[in-house]
Amino acid sequence: MNSNTAEQTHPAVNGVDVDQLMYVIDSIGADQTFGAFQFRADNQWIEGGLNRSSIQDFFAGGQEDETRTETFVLDADEPPLIAGNDSAPNPVEYVLHALAGCLTTTMVFHAAVRNIQIDSCESHLEGDIDVRGLLGLADDVKKGFNKVRVTMKVKSDADVETLTELAMFSAVYEMISNALPVELVIEKI
């Protein structure tokens with residue numbers, strides 16, 4: 001056991017190592033700086049609508065994480081209608097994926113800590129966007145989603161109100177529903 005993991009003394013709930021999760025929660029309770037995480041991604045344009053992100057290192061628990069031995073590689077492209085080659089999901093589809101993943105993971109992890117069993121969870125997401133905004137054809141049209149609808153079907157003994165409360169801890173839900181400041185710096189090379 002290293003300094004950032006806990007020994008397993010309780011069975012996993014929903015496939016979640018509750019002891020490890022409680023170790024992190026307790027560590028943050030003892031030292032708030034332990035909760036300062038930084039995730040990173042590097043991206044490179046390939047051609048046309050295709051670009052590639054590489055994700056590996058991150059900061060967590062007061063130190064650089066060294067557990068990932070391989071880089072995650074994610075491609076983004078556009079459908080042919082928007083002059084892409086449709087070789088990968090487009091960026092706004094990744095936003096839907098991130099939202100679904102975060103709502104699901106958040107609900108399952110919070111349920112595990114409360115010893116609430118989740119037997120299954122499926123989500124369907126739809127995001128409405130008027131591309132006139134992002135194409136610069138209408139100044140009065142948002143560049144991003146106008147509305148996102150999420151339907152989650154969850155099999156659990158917990159009631160809908162409890163499951164909703166657990167899912168609402170989602171970081172991605174917070175970012176999307178409340179927006180956040182993003183600093184953009186472009187440097188010429």
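A few points about this structure:
- Gyration tensor (alpha-carbon) shape descriptor, region 90-179, a/c threshold 1.5: prolate
- Neighbour-count order for R68, R132, fewest beta carbons within 10 angstrom listed first: R68, R132
- Region 12-88: C-alpha pair distances exceeding 16 Å, %: 67
- Sites listed here are GluC sites (Glu not before Pro) in region 35-93 whose DSSP assignment is loop and whose Cβ has at most 16 other Cβ atoms within 10 Å: E66, E70.
- Annotation note: trypsin sites (Lys or Arg not before Pro) in region 135-177 located in DSSP loop regions with a Cβ neighbour count of at most 14 within 10 Å are K142, K143.
- Here the spin labels are modelled as points 7 Å beyond Cα on the Cα-Cβ line, and at K155 and V24 they lie 2.7 nm apart.
- Charge dipole magnitude, Cβ of K and R +1, D and E -1 - region 76-189, Cα centre, debye nearest 20: 60
- Qualifying aspartates and glutamates (Cα of each under 14 Å from Cα of K155; at least 8 residues distant if same chain): D119, E122
- Label assignment, percent of Cα pairs over 25 Å apart derived from the structure, set (i) 51; (ii) 45; (iii) 36: (i)
- Once the Cα-Cα distance is subtracted from the 0.36 nm per residue extended length, the D86 to R68 segment shows a gain of 3.6 nm.
- Stretched out straight at 0.36 nm per residue, the stretch from S53 to E174 would grow longer than its current Cα-Cα span by 41.3 nm.
- Net charge over other residues, Cβ less than 13 angstrom from the Cβ of V73 (K, R count +1; D, E count -1): -1
No value in this document is a laboratory result; all are computed from the given coordinates. This one's a predicted model, so the numbers in the text were calculated from it and none came from an experiment. Neighbour counts are summed over all protein chains in view; Cβ atoms, including those assigned to glycine, are modelled from backbone coordinates with ideal geometry.
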